[in-house]
Amino acid sequence: MSQEETRRGDGSLFNEDSIDGFLHRAFLRATGRSGEEVRQRPVIGICSSASELNPCNAGLSTVAESVKRGVLAAGGLPVVFPTISISEAFVRPTSMFLRNLMAMDVEQMITSSPVDAVVLLGGCDKTIPAQVMGALSAGKPALLIAAGPRPVARWNGEALTVDDFWPLAARRRRGELSDQDWNRLEGCLMGGVGTCNVMGTATTMATIAEVLGLALPGSTLLPATGSARQDAAVRTGTRAVALAEEGRPPAEVVTAEAIEDAFRVVCAIGGSTNAMVHLAAMAGRIGAPADAAHFRRWSETTPLLGDVRPSGPHLLEDLAEAGGIPAVVKELAPVLHLDRPSASGATWAEEVADVQPKTGAALRPFDQPVADGGALAVLTGSLAPDGAVIKRSAMDHRFLRHTGRALVFDGVTDLNARIDDPDLPVDADSVLVLRGVGPVGGPGMPEVGHVPIPAKLARAGVEDMVRISDGRMSGTADGAVALHVAPEAAVGGPLALVRDGDLIELDVDAGRLELLVPAEELERRKAEFTPPPAPLRGYELLYHRHVLQSPDGCDFDFLRKPLS
Ligand code: FES
Ligand code: MG
């Protein structure tokens, strides 16, 4: 068949009376579809990241079937196709290392295939940003439905969410949890398929997709395993057919204002620090401005309204009960752009007109926030000239202003070898520095920035310390942890020059992170810096050569929208 036709990537070729049309239909009918079925218009690609190697996304096979029903009911032709799926739990060296590869897979499958629109099925942390980045660059109409949060388990009569693992693991380290309890925990911690059941990265990214206008309003917090998610999937399929007919590319929906709104909602719900990296990458795909100064301004002028785990005590289902993301959007209306389109086709203003947020516990009203400033604080200074981020809502406020002596770990192997050494020269005021775990150094900014409290201090009851890293941390972790320090150590950023005993000053409210070492001394150390060796081949080499720093979202330089 003609390469030209295939490259056009247009679903109408299934309808043509030409030889090409005949052959395309014949191939599709090999899957058991009827002659009428393969002549349906438009063609909706269902881009699925369901995988048994990614338990968070495993429920998406069922969601795909529901989306298909919605597409068929609206007179479209649904075709499910797989892409790479990235599991936070299983992928090495890091899930972030693979995000851009998945984004390229998604983009190329959309552009190369005869589909008029796509429904993206994502869930686990990197899968949604990868799909959004790919779809933005591919340019065909796109919607997304997320896997949804997994069921909440029970532990000794209490709700057990994934973030409960950290304090339980600390108890195990202190010898307070028996082998039997530890085994029991392994069997019940995850509760079922679906994404982490707190406001971690996965739910944060699903929220972002909803606020951007890519996922149906109210769909984010529906449980992974409930009928309501399947209902939303059917509606998403139906809406995709209308969207294909409208022909509206995603970059018309995901505008600079949408990026701002998405980040403000993340701040308002105490979302994951990872959101900044992924939003910066998305912004880069459409040429929208989103640097440290923007994020700081948006964060400082957005109140924290959500009081859900891991920053607060309430469950995601409590936030859903309060009205979910549409209720957050309505409360936050004074600082958002509600004349933008939502995924339903209506504007956000129309969408939330009748929403009545049940404010109180899990969602506070705009004028009675949990905290005034944003949950995420952006830091800059001599230790992080291009920025760093700290989750203000989830740290011990004793450390909002803190100066302490550095104790430096070069990578995870060094950290693991020494952190629990009884002779480690550390006290509760020390500043633990973990470097060499940035985009290039990790590679892929592993979520290891949440350096554990040294065993001897943990046993003495120390629960939080200032920690600084060029890596990321899990959206479910907490603490006074300054992350994403840029430029990273592996490319010679100031973090590479820190030595044990140097004074480091953190001032969260002033947005500062300073290395208190004279400039001449830093110049001397810089002359001695040697970068780590480059990989020799393959994707690792491509990644090493092209990955950008965290303020540019760790995207590849050649994938961003060229400056025109
Ligand atoms: Fe997959 Fe948390 S590990 S969503
Ligand atoms: Mg995570």
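Sort 456, 330 so the one with the fewest other Cβ atoms within 10 Å of its own Cβ comes first.
456, 330
With contacts defined as alpha carbon pairs under 8 Å and 6 or more residues apart, what's the relative contact order of the chain in percent?
Relative CO of the chain lands at 13 percent.
Using +1 on the beta carbon of Lys and Arg, -1 on that of Asp and Glu, and nothing else charged, what's the dipole of the chain about the Cα centre, debye to 20?
Computed about the Cα centre, the dipole is about 800 debye.
Once you list every other residue whose beta carbon is under 11 Å from the beta carbon of residue 464, what net charge do they have if Lys and Arg are +1 and Asp and Glu are -1?
-1
Under the Cβ-under-4.7 Å rule, which cysteines of the chain stay unpaired?
47, 188, 196, 267, 554
What residues have an amide H closer than 5 Å to that of residue 379, excluding those fewer than 5 places away on the same chain, when H is modeled at 1.01 Å from N in the peptide plane?
Residues meeting the criterion, in which the H sits 1.01 Å from N, are 388, 389, 390.
Compute the distance from the alpha-carbon center of region 510-564 to that of region 96-165, in whole Å.
27 Å
Could you list 558, 90 in order of exposure, starting from the residue whose Cβ has the fewest other Cβ atoms within 10 Å?
So the residues, fewest neighbours to most, are 558, 90.
Given an 8 Å cut-off on Cα distances and at least 6 residues of separation, report the relative contact order of region 53-156 as a percent.
Relative contact order here is 30 percent.
Please turn the phi angles of region 47-54 into ³J(HN,Hα) values with the Karplus equation 6.51 cos²θ - 1.76 cosθ + 1.60 (θ = phi - 60°), one per residue in order, whole Hz, x for glycine and proline.
Taking θ as phi minus 60°, the curve returns 8, 9, 10, 5, 6, 6, 7, 9 Hz for region 47-54.
Considering only 113, 390, 411, whose Cα is most displaced toward the positive end of the charge dipole of the chain, charges sitting on Cβ of Lys, Arg (+1) and Asp, Glu (-1)?
113
Using Cβ contacts closer than 10 Å as the measure, can you line up 555, 164 from fewest to most?
Ascending Cβ contact count within 10 Å gives the list 164, 555.
Taking H placed 1.01 Å from N in the peptide plane, check which residues at least 5 places from residue 47 or on another chain put their amide H under 5 Å from its amide H.
Amide H to amide H, under 5 Å and 5 or more residues apart or across chains, residue 47 pairs with 81, 119, 120, 121.
Can you classify the chain as rounded, prolate or oblate using the Cα gyration tensor, where a ≥ b ≥ c are the square roots of its eigenvalues, rounded means a/c under 1.5, and otherwise it's prolate if a/b beats b/c and oblate if not?
Judged from the Cα gyration tensor, the chain comes out prolate (a/c at least 1.5, a/b above b/c).
Given the DSSP H assignment, sum -39500 (n - 2.57) over each helix run of at least 4 residues in the chain and divide by its residue total; what's the result at 222 nm in deg cm²/dmol, nearest 500?
Mean residue ellipticity at 222 nm (helix-derived): -10500 deg cm²/dmol.
Choose one of 146, 161, 98: the residue whose Cα lies farthest towards the positive end of the charge dipole of region 91-175 (beta-carbon charges +1 Lys, Arg; -1 Asp, Glu; about the Cα centre).
161
Which of the pairs 126/391; 126/561; 68/140; 330/391; 391/526; 140/391 have their Cα atoms more than 28 Å apart in this structure?
Result: 391/526; 140/391 exceed 28 Å.
Can you give me the Cα centroid spacing of region 226-259 and region 263-320 in angstrom?
21 Å
Name the shape class, rounded, prolate or oblate, that the alpha-carbon gyration tensor gives for region 509-564, where a ≥ b ≥ c are the square roots of its eigenvalues, rounded holds for a/c under 1.5, and otherwise prolate holds if a/b is larger than b/c and oblate otherwise.
oblate
Compute the signed sum of charges (Lys and Arg +1, Asp and Glu -1) over the other residues within less than 12 Å, Cβ to Cβ, of residue 368.
In short, -3.
If you take every residue apart from residue 70 with its C-beta less than 14 Å away from the C-beta of residue 70, what net charge results, scoring Lys and Arg +1 and Asp and Glu -1?
Here the charged neighbours net out to +3.
Around residue 502, which amide H atoms from residues at least 5 apart in sequence, or from another chain, sit under 5 Å from its own amide H, with H modelled in the peptide plane?
406
Among DSSP bridges having both ends in the chain, what percentage is antiparallel? Round to the nearest 5.
45 percent
For region 422-434, just list the computed ³J(HN,Hα) in residue order, Karplus coefficients 6.51, -1.76 and 1.60, θ = phi - 60°, integers in Hz, with x standing in for Gly and Pro.
Going residue by residue, I get x, 9, 4, x, 9, 9, 5, 8, 4, 10, 7, 10, 10 Hz, with x marking Gly and Pro.
HN-Hα J couplings of region 18-29 from phi, Karplus 6.51/-1.76/1.60, θ = phi - 60°, integer Hz, Gly and Pro as x?
Calculated HN-Hα couplings, in order: 6, 4, 4, x, 4, 5, 4, 5, 4, 4, 5, 5 Hz.
Rule-based calculations on the coordinates, nothing more; no lab input. Just so it is clear, the model here is predicted, and its values are computed rather than measured. Here Cβ is always computed from backbone atoms with ideal geometry, including for glycine, and neighbour counts include all displayed protein chains.
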